[in-house]
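Trainee: The structure's right below; bear with me while I get my questions together.
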Amino acid sequence: MPQQALLVMDVQQVVVNRFPDGAYLPRLSKAIDAARAAGVPVIYVVVGFRPGYPEVSARNKMFRGLVGAATRPAGEDTAIQVHPEVAPAPGEPVVTKRRVSAFAGSDLDMVLRAGEIGHLVLTGISTSGVVLSTLRQAADLDFELTVLSDGCLDSDPEVHRVLTEKVFPKQADVMTVDAWTAAL
C-alpha cells in the first residue's frame, strides 16, 4: 500500500469565515490529529499570489476578483493564513498554489514525490473547487485517492452531495472522517 498523506486545502481564515459550519473545524481537527498520531504526513495547501498579483489574468473570471482581497502574497508566512484551529505543526509543509487545483502553480507534486507519497486523502473548502480540481488532476497523475466527505465543505449542499455521492466515487474512495480515522 502506498504511503498516504492528508491534504488540508484552502482552510484559510478568510475562507473558513465564509462557511458558517461550526462542526467543520472540529471534524477536520480530528482527521489531522489522527493522521499525525498514525505518522501520516499532513500537507497544507493555501492560495496565494506575489505582490501586485502578476499571476492573475484579467481573463480569469474566478481569480480576477481576488486582486487586492484577503490573500497573502507568497513568500510571507503562509502558515498564519491557515485557520488557527487546524494550523500546521512545526515542520509540516505549507504549499502555495496559484489556481484552484492544489497542483496548479505549486510545488505539491515535488513534495509528494520527495515523500514517496502515492495515496492522497483530500479535505478542504470547497468541494466543488479545490477538492474537485485536485481530485481530477491527482487521478490523472495516478495517485490513489480518498475523499473525506465531511472533511470538505461547499456553499451549495446539493453540489457537495452530488460530488461526494456520485462523482468522486468514480475516482476515489469516499468516507467520513470517523471511518478514515478508525481505519488508521
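What follows draws every value from the coordinates through simple rules; no lab data is involved. For clarity, every value in this text was computed on a predicted model and none was experimentally measured. Every residue, glycine among them, receives a Cβ derived from its backbone with ideal geometry; neighbour counts consider all protein chains shown.
Trainee: Using only alpha carbon pairs under 8 Å that are at least six residues apart, calculate the relative contact order of the chain and give it in whole percent. Kindly include the intermediate steps, with their values, before the conclusion.
Mentor: Details: 314 pairs, mean separation 50.1, N = 184.
With pairs under 8 Å counted, the relative contact order is 27 percent.
Trainee: Within a Cβ distance under 14 Å of Arg161, other residues only, what is the Lys/Arg minus Asp/Glu net charge? It would help to have the intermediate numbers written out before the result.
Mentor: Details: positive: Lys166; negative: Asp150, Asp154, Asp156, Glu158, Glu165.
Every neighbour counted, the sum reads -4.
Trainee: Let me ask something else. Just order 34-42, 10-18 by mean Cβ neighbour count inside 10 Å, highest at the front, would you? Each step should come with its number before you reach the end.
Mentor: Working: 34-42: 15.7, 10-18: 18.6.
Answer by packing, highest mean first, reads 10-18, 34-42.
Trainee: Give me the net charge of Phe143's neighbourhood, meaning all other residues with Cβ under 13 Å from the Cβ of Phe143; Lys, Arg count +1, Asp, Glu -1. Write down the numbers at each step before the final one.
Mentor: Working: positive: Arg113, Arg136; negative: Asp109, Glu116, Asp140, Asp142, Glu144, Asp173.
Result for the local shell: -4.
Trainee: Which order, highest average first, do 105-112, 127-134 follow once you tally other Cβ atoms within 10 Å for each residue and take the mean per peptide? Kindly include the intermediate steps, with their values, before the conclusion.
Mentor: Numbers: 105-112: 17.5, 127-134: 23.9.
Sorting 105-112, 127-134 by mean packing, highest first, produces 127-134, 105-112.
Trainee: Using the alpha-carbon atoms, what tilt in degrees (0 to 90, nearest 10) does helix 24-38 show relative to the longest principal axis of the chain?
Mentor: Between the helix axis and the principal axis of the chain, the angle is about 60 degrees.
Trainee: Efficiency by 1/(1 + (r/R0)^6): what FRET value for Gln13 and Ala89, r their Cβ-Cβ distance, R0 = 22 Å, to the nearest 0.05?
Mentor: Values: r = 17 Å, r/R0 = 0.79.
Rounded to the nearest 0.05, the efficiency is 0.80.
Trainee: Also: Can you give the FRET efficiency to the nearest 0.05 for Ser29 and Asp107, using r as the Cβ-Cβ distance and R₀ = 22 Å?
Mentor: Details: r = 26 Å, r/R0 = 1.18.
It comes to 0.25.
Trainee: Next question. Would you mind telling me the antiparallel percentage of the DSSP bridges in the chain, rounded to 5? Intermediate values should be presented prior to the final figure.
Mentor: Numbers: 1 of 26 bridges.
Roughly 5 percent of the beta bridges in the chain run antiparallel, per DSSP.
Trainee: Note down the net charge around Ser133, summing +1 for each Lys or Arg and -1 for each Asp or Glu among other residues with Cβ under 10 Å from its Cβ.
Mentor: +3
Trainee: Between Ile125, Leu153, Gly105, whose Cα lies farthest towards the positive end of the dipole of segment 96-154 when Lys and Arg beta carbons carry +1 and Asp and Glu beta carbons carry -1, centred on the Cα centre?
Mentor: Toward the positive end, the furthest listed residue is Gly105.
Trainee: For segment 1-58, calculate the relative contact order in percent as a whole number, restricting contacts to Cα pairs under 8 Å that are 6 or more residues apart. Don't skip to the end; give the middle numbers.
Mentor: Details: 35 pairs, mean separation 31.3, N = 58.
Computed over segment 1-58, the figure is 54 percent.
Trainee: Report which label in (1) 58; (2) 61; (3) 50 holds the value of percent of Cα pairs over 20 Å apart derived from the coordinates of this structure.
Mentor: It is the value labelled (3).
Trainee: If you don't mind, there's one more thing I want to ask. For the chain, what is the calculated [θ] at 222 nm in deg cm²/dmol (nearest 500), taking -39500 (n - 2.57) for each run of four or more DSSP H residues and dividing by its residue count?
Mentor: On the way: 6 runs with 48 residues, N = 184.
Theoretical 222 nm ellipticity from helices: -7000 deg cm²/dmol.
Trainee: Related question: Can you compute the charge dipole magnitude of the chain about its Cα centre, using +1 on each Lys and Arg Cβ and -1 on each Asp and Glu Cβ, nothing else charged? Give it in debye, rounded to the nearest 20. Before the final figure, lay out the partial values.
Mentor: Details: 17 positive and 21 negative charges, 126 e Å.
The dipole magnitude comes to about 600 debye.
Trainee: How many angstrom separate the Cα center of segment 79-142 from the Cα center of segment 154-184?
Mentor: Result: 17 Å between the Cα centres.
Trainee: Now, a different point. Along the Cα→Cβ direction, 7 angstrom out, place labels at Arg161 and Ala37. What is the inter-label distance in nm?
Mentor: Spacing of the two 7 Å Cα→Cβ label points: 3.2 nm.
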